[in-house]
Amino acid sequence: MSASEPQIPLDVEQAPAWAWSTALLLGAAVLALVCATATAVSWQVDRAELEEHRALFLAGSVAAVAERADDATAQRFVEALAAARPDVGEAFVIAQGDRDRFGIGRNQRYSASLARGDRGAALDALAVADPAKVPDAARHKRRIDRYARVITGAELPATPGRARPSFELKIDEAEGVAWHSAQVPVRRPGRLDVAGAAVRASVPPSAMPWLLLLILTLGGWGLGSAGLHLGRGALSGGRHRKAIAFCGALAALAAAFAGGGAMHYGAQLAPQLERRVEDARQVHVAAAALGLDADAIVASADVDFTGAPGPLLGGGGPLDEARFEGATARLLEVRYALGRGLLALVALGALLALIGGHRFLVRASVACRRNPFAYLYVAPSMVGMVVLVFIPFLTGVGLSVFAYDAPRYYFAGLDNFAEILLGSESGDVTFLWTLFATILWTATNVVLHTTIGLGLALILKAPTLRFKKIYRVLLIVPWAIPNYITALIWKGMFNKEFGAVNRFIEAAQGLMGMEPSGVDWLGGSFATAFTANLVTNTWLGFPFMMVISLGALQSIPDALYEAADVDGATGWQKFRHITLPLLKPALFPAIILGSIWTFNMFNIIYLVSGGGPDNSTEILITDAYRAFAELNRYGLAAAYSVIIFVILLVYTLMTNRITRATEGTFE
């Protein structure tokens, strides 16, 4: 840097005009990217959801007809519907069969179907048939599977946020088309049947409806809060004319980008909503032609994904042409308001972040011009942090408020957190017990790690000890071996019948004249299983504390101990007043880090005790894994992760404040 270059001003008002212009361009680019992403995602998600809802509506209309009429009438309705809507790929009604002695349903039959060969045929016979004789055997097998799922869901109590219908996206690679299909229960006197329909898809369904928008909203609000905190007071006083003009320009750009995105969103949404209204009109016409109560059938089919009444037609009274003509506008008003609201939240969050951080933008513009290569070198690591840390973290936070019901995610609010705190579906114990076991596990491990590690470090520092290098290498071996290998070795050693631990105990009992009896370490009780886990993790963890303590001990000047000897200090007094205070800058951060590692030590619990007996040794991280892997409750597992993050964040802030772990020895 040359001496003639201006220094970065302390007051951003003194920054040159090009710095403010660069900051404004950066802010405009961020706003445009955020609003464009939010608009594109909301449109694609809504488009897929609307097509899926079409399948749900048509399946619901077939079910409504099957509930009110005989099989012949349902068959005529299915044929009329397919003739009126060419993009309907399948429509059928599956009649419930009998049950075998194990309570499993058998011999379900088609009471109505577009394929004439299906009518009256038993699905299980078709599903196991020779594909050469029955080319669509796989189709019947899928329908049987979804039939069982719908019947099971209909017989269980409804859960908020979970849908009873069964959805599927089938991709026909030969024809290059995809089909959205839905199956819903048909409630007939004394039995439960299933109706289904499929429509041609123009876009695959989104895995997480509105999730990315939620992530952008949370991220925007978080950045906004942080930015406002950093830039508080920046706009106070009349001398900040540049800052006021800068923020006003950003606000105008945010309004323009959000408004343009909303207009594009509405223009693209209207034709899709017209397709839904046309479906309702054709269902009404077909039902009326068969002498059925067409208004009641359309009303029964107009439900959302959770079974609640949908907003398709709205209001009351008979369904006439005027009601159908106004249905598109009503639907657009409901869906458009939701999309605009979320888009406005995203834009507001990004705007707050940019306004609060405008000082940073201006200073960064000057700094980048002065030291471009320095920021260029840092850029890859920052990109890696964003991709590998911030985006997954925000994704987990967003996913925690959704409930998964394949292949869809439904917004569940705080239901996942309430389920965790009030009762655990993934185990036989409550959240409070799991939290207690986690805290006990963390505290005992950290105490043993620190005590053993510090004790060994003091021994290795003794000047009279010979072969120090050999001891150091040997004591680091447990830490160097991968922990999952060590966990499996210790699990074998704790085996009740063949483990080395029980063999040693039985040999000792024999020497003392007692009857040999082994201990069921892994399945006996909470105490024995917890002890097995504790011994394994202590073996793995003490070398880390030993290395940290030994390095810190070697940095303590010997002159301090010599002066203490002159004053007549005892060994305990030297340890208390010299060693421990000077170990603080290295030992306390290591204890905090070790606590976080132990709190999330999944491998030992999972591989040694498996959480047993009766899930009593589960910790929060293993409970989250079981919710994910065994229950397929992805939102519940994400909620566990958020709770773990909050607990560890509070613990870290408290311990830093109490111990001043980040401060130096003499601060």
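The values are calculated or read from the model by the stated rules, or taken from the named source; none is laboratory data. Model, not experiment: these values are computed from the prediction. In case anyone asks, the SASA skips ligands and DNA or RNA and just uses the protein heavy atoms, side chains included. Shrake-Rupley method; radii C 1.70, N 1.55, O 1.52, S 1.80 Å.
Explain nothing, just the number: relative contact order of the stretch 20-97, from Cα pairs under 8 Å at least 6 residues apart, as a whole percent. Let's see the in-between values first.
Working: 21 pairs, mean separation 15.7, N = 78.
Value for the stretch 20-97: 20 percent.
In percent, how large is the relative contact order of the stretch 575-661, given Cα pairs closer than 8 Å and 6 or more residues apart?
Values: 46 pairs, mean separation 22.8, N = 87.
Worked out over the stretch 575-661, it gives 26 percent.
Once all protein chains are placed together, CYS368 keeps about 60 Å² accessible to a 1.4 angstrom probe.
Quote the relative contact order of the stretch 473-537 in percent (integer), defining contacts as alpha-carbon pairs under 8 Å separated by 6+ residues.
Working: 51 pairs, mean separation 15.7, N = 65.
Answer for the stretch 473-537 is 24 percent.
Among the listed pairs LYS469/LYS574; LYS468/LYS584; LYS468/LYS496; LYS469/LYS584; LYS461/LYS584, a Cα-Cα separation exceeding 28 Å is found for LYS468/LYS496. With all protein chains in place and ligands, DNA and RNA left out, the 1.4 Å accessible area ranks PHE417, PHE436 as PHE436, PHE417, largest first.
In terms of its C-alpha gyration tensor, the stretch 372-524 comes out oblate, because a/c is 1.5 or above while a/b does not outweigh b/c.
Measuring between their Cα centroids, the stretch 579-600 and the stretch 357-400 lie 29 Å from each other.
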